[in-house]
Amino acid sequence: MRNHPRDEAHVARCADCQARWGLAALDVDLDRVWSGVAAEAWASPVGRVERLAGRLLGSPGLARALVNTPSLVLSWILASALVLGIGVMVTRQTEQPWVALLAPALAGIAISYAYGPGVDPAWELSQTMAVSDRQVLLVRVFAVFGLNMVLGLVASLGAAQAVGITLGWLAPMAMVSALALAAATTAKSANVGVAIGLAGWAIAVLASGRGTEDAAAAVSRPALVPVYLAFALAGVGLTLWSMSGSRSTGGVTWR
Amino acid sequence: MRDDELIAEVAAGDSSALRALFDRHSPWVAGRLRRAMPAEGVEDVLQETFIAVWRGARGHRGEGEVGAWIWGIARRQAAVRARKAGRVDLTPGPVSEQSSEDIAPGAVRRADLHKAFASLGPDGHEQRELARLVFEEDRTVAEVAQRLGIPEGTVKSRVFKVRQRLQAVLRQGGY
Amino acid sequence: MAVIEVTAARNVEVQGLSQKFGRTEVLHGLDLEVGQGVFGLLGPNGAGKTTLLRTLATILRPGRGSVRLLGFDVTHAGEKRALRRRLGYLPQSLGYYPNFTVFEFIEYFALLKEMPSREVRPAVVRAIERVGLEEKAKSKLRTLSGGMLRRVGIAQAIVNEPDLLLLDEPTAGLDPEQRVGFRRLLREMGASGTVIVSTHLVEDVGAACTEVALMERGGILFRGAPDDLVARGEGSEVGDSPLERGYSSVLAAARV
């Protein structure tokens, strides 16, 4: 401008000079720039675990779905580890296979709270996503089961029991998890999943121990393994069927 | 709101204050940067600059003009960018090194600009008149306000809108 | 040389769609073709509007009949996934994650829609600005009012600039001023894609829709421009507005 001072301080506060300078950058997309700035101001940082999961799974959406699994939050994992830790101590004291009996139960509860309409308030919306609910199911259940399996193994080794019992809870864990998941998905309630899963396990323990009064029978008899796996497969099948989209969603009412 | 009030709000985490600062200062910072780099580079530097403003608002501490502070950040960001590309830093220094004739559009030729003005409306149409007064006749905001019989604040916001329209037209024309 | 006329595929092509729940048939052999624009879906409770929207949103598999959306066949897994990337859906009652912020919630669904990574955050910003929630971008969802939550729902539906936008009672909980802004948004989205809005508020329909359909008991009773629906109501006294009179007239005639 004609009579304006030339220094920086002036431009910084003179609307006229600023208007003139604004004309010099008409091909700069300020809206796009603002989108980038606002994103920085408003977004939350992505955790390392999520980033790694995104790379491994090849899908940032799937990674975020995994990281937000209710039964994979740190507090949940610590609680499970605590319960198993107590189980280890009790097992060593009493020589009863508490760890082997607890592990499937804990897994059943964790699986009930891993996935599905009972657990996800935005369930209906989730069913319209490109990252399908089947993918999310697979990844979450795999992760939760895997984690519970590792916890169980560590606890089992700590309990130092016979090999048969140290690993004997794996097939039962599969069964209890599958039943819990099927129940939770079908009834659209995580609590129903927990109830059915635990009830199923209790029945299995009592039924296999009856007559011998052996609490460890449920986890130490190899003959039972195919039975467990059969039930597990049935549970998986029921889960997939109830997810298949031939049923109404969101309750009984339809419009 | 005044700049120093806005900066204090940004420091307190208010992103709408950041938006206000952005709307006020990004056009002229962009203009000065445009003298030394292409539009895409300006966009990158601007984005980094205002992200730095968001993160470092507390560091301002009321020391001097906010506009000058922002320009300082922009210069530094531009220098970083130039160094990364192995180029010599060509960003304009203090304004005193520039004559007013230098304040001409970077990549936009005068002829194209005239065409863009024409698109604002027929001769005498308010937006075109405003653009002519501010950008061609070199009038101050006060003079334009008096001439058109509107408050100064209105002049400033209309200049902003005219600028956006000119930009859209120029982009459409592939300039 | 003969001139071959090619009819461009429309965004929504439904033929003979039937849906059953248990033994009740909720949709009967429905035919629907919708192109670009804003399409309103009216009808009493139980008419099948939500079931239709859920079928279009690919939540429900078509019981009988064919559904092609944006040129994709919904019964084909690969095509369904590609379709879902171009889809936006707002259910009648959208649950939310209480501890997510507005930004996190919209970003989550942008990611699940497999938007290209670089585009996700700027798109979320734009969606937030379009629904006017800039001030609340970093607020947790449990601190928001019902109307704001509705707007968050709208934002996640539009974040990927969908070619097919399905909205089930979207204006519930919005005040009149917000509804005006929302209708503007509908018109914008309808300019470049197909929007299907199911609503009870007849006035929403009149103001924003290029076409409306009236459903009852699983079928479409009326389809046409809002003005045509008004014309049907000439001479009727049931209803407080021209559109309402048209609505009641059509329903009454069908129930005879």
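Here, each number is a calculation from the coordinates, and none is a lab measurement. It should be emphasised that the depicted structure is a prediction, and the values quoted were computed from it without experimental measurement. A quick note on method: Cβ atoms are made from the backbone with ideal geometry, for glycine too, and the neighbour counts reach across all protein chains shown.
Would you list which lysines come within 16 Å of B:LYS156, measuring only between C-alpha atoms, while excluding same-chain residues fewer than 8 positions from it?
B:LYS156 reaches no qualifying lysines.
Decide, for chain A, between rounded, prolate and oblate: order the square roots of the alpha carbon gyration tensor eigenvalues as a ≥ b ≥ c, take rounded if a/c falls under 1.5, and otherwise choose prolate if a/b is larger than b/c, else oblate. Working shown, then result.
Working: a/c = 4.31, a/b = 2.41, b/c = 1.79.
Judged from the Cα gyration tensor, chain A comes out prolate (a/c at least 1.5, a/b above b/c).
Can you compute the FRET efficiency between A:ILE203 and C:ASP31 using 1/(1 + (r/R0)^6), with r the Cβ-Cβ distance and R0 = 30 Å? Round to the nearest 0.05.
Details: r = 52 Å, r/R0 = 1.72.
Calculated transfer efficiency: 0.05.
In debye to the nearest 20, how big a dipole does region A:48-242 give about its Cα centre with +1 on each Lys and Arg Cβ and -1 on each Asp and Glu Cβ? Numbers along the way, then the final one.
On the way: 10 positive and 7 negative charges, 79 e Å.
For region A:48-242, the charge dipole is close to 380 debye.
What percent antiparallel are the DSSP beta bridges of the protein assembly as shown, to the nearest 5?
Among the beta bridges of the protein assembly as shown, antiparallel pairing accounts for roughly 55 percent.
Taking GluC sites (Glu not before Pro) as exposed when DSSP calls them loop (any state but H, G, I, E, B) and at most 11 other Cβ atoms lie within 10 Å, what is the longest stretch of chain A free of them, the sites themselves excluded? Write out the running numbers ahead of the final one.
Values: sites that count: A:GLU95, A:GLU213.
Looking at chain A, A:96-212 is the longest stretch - no exposed GluC sites (Glu not before Pro) with at most 11 other Cβ atoms within 10 Å.
Of C:GLY153, C:VAL212, C:GLY181, which is farthest along the charge dipole of region C:151-214 in the positive direction, counting Lys and Arg as +1 and Asp and Glu as -1 at C-beta?
Selected residue: C:GLY181.
In peptide A:52-65, what is the residue-averaged number of other protein chain Cβ atoms found within 10 Å of each Cβ?
Mean shielding count: 3.
What is the dipole size for the protein assembly as shown, taken about its Cα centre, with +1 at each Lys and Arg Cβ and -1 at each Asp and Glu Cβ, in debye to the nearest 20? Each step should come with its number before you reach the end.
Working: 78 positive and 70 negative charges, 284 e Å.
Once rounded to the nearest 20, the dipole reads 1360 debye.
Which of C:TYR96, A:TYR115 comes first, and how do the rest follow, when ranked by fewest Cβ neighbours within 10 Å?
C:TYR96, A:TYR115
Most exposed first by the Cβ proxy, i.e. fewest other Cβ within 10 Å, how do C:VAL152, A:VAL119 rank?
Least crowded to most crowded, the residues run A:VAL119, C:VAL152.
Is the shape of the protein assembly as shown rounded, prolate or oblate, going by the alpha carbon gyration tensor and its root eigenvalues a ≥ b ≥ c, with a/c under 1.5 for rounded and a/b larger than b/c for prolate?
oblate
Name the longest site-free stretch of chain C, where the excluded sites are GluC sites (Glu not before Pro) in a DSSP loop with no more than 13 other beta-carbon atoms within 10 Å.
Values: sites that count: C:GLU5, C:GLU234, C:GLU237.
After excluding every exposed loop site, the longest remaining stretch is C:6-233.
For the protein assembly as shown, with the dipole built from +1 on Lys and Arg beta-carbon atoms and -1 on Asp and Glu ones, taken about the Cα centre, which of A:VAL136, C:LEU112, A:THR91 lies farthest toward the positive end?
It is A:THR91.
If you average the C-alpha positions of region A:45-81 and of region C:27-72 separately, how far apart do those two centres end up, in angstrom?
36 Å
Express the relative contact order of region C:117-256 as a whole percentage, based on alpha carbon pairs under 8 Å and six or more residues apart in sequence.
Taking the mean separation of contacting Cα pairs over the length of region C:117-256, I get 15 percent.
When we measure straight from the Cα of B:LYS161, which lysines land under 18 angstrom away, once same-chain ones fewer than 8 places off are left out?
B:LYS115
Sort B:MET37, A:MET129 so that the residue with the fewest other Cβ atoms within 10 Å of its own Cβ comes first and the one with the most comes last.
Arranged by neighbour count, lowest to highest, B:MET37, A:MET129 become B:MET37, A:MET129.
List the residues whose amide H sits under 5 Å from the amide H of C:GLU216, counting only those 5 or more places along or on another chain, with H placed 1.01 Å from N in the peptide plane.
Residues meeting the amide H criterion: C:LEU221.
I'd like the Karplus ³J(HN,Hα) series for region C:109-124: coefficients 6.51, -1.76, 1.60, θ = phi - 60°, whole numbers in Hz, and an x wherever there's a Gly or Pro.
6, 4, 5, 5, 7, 6, 5, x, 3, 5, 8, 4, 5, x, 5, 5
Specify which residue in the list C:LEU221, A:GLY116, A:ALA171 is farthest towards the positive end of the charge dipole of the protein assembly as shown, using unit charges on the beta carbon of Lys, Arg (+1) and Asp, Glu (-1), about the Cα centre.
A:ALA171
If you plug each phi of region C:84-95 into the Karplus form 6.51 cos²θ - 1.76 cosθ + 1.60 with θ = phi - 60°, what whole-Hz ³J(HN,Hα) values come out, in order, with x for Gly and Pro?
In residue order, the calculated couplings are 4, 5, 9, 10, x, 9, 10, x, 4, 10, 9, x Hz.
Short version: ³J(HN,Hα) in whole Hz for each residue of region A:22-35, in order, from phi by Karplus 6.51 cos²θ - 1.76 cosθ + 1.60 (θ = phi - 60°), x for Gly and Pro, what are they?
In residue order, the calculated couplings are x, 5, 6, 10, 5, 8, 8, 8, 5, 5, 5, 4, 4, 4 Hz.
With +1 assigned to the C-beta of every Lys and Arg and -1 to the C-beta of every Asp and Glu, and no other charges, what is the dipole magnitude of chain C about the Cα centre in debye, to the nearest 20?
The dipole of chain C has a size of about 1020 debye.
So which lysines pass the test for C:LYS80, namely a Cα distance under 18 Å, with those fewer than 8 places away in the same chain ruled out?
Leaving aside lysines fewer than 8 places away in the same chain, those within reach of C:LYS80 are C:LYS113.
Relative contact order for chain A using alpha-carbon pairs under 8 Å, separation at least 6, rounded to a whole percent?
Once divided by the residue count of chain A, the mean separation gives 18 percent.
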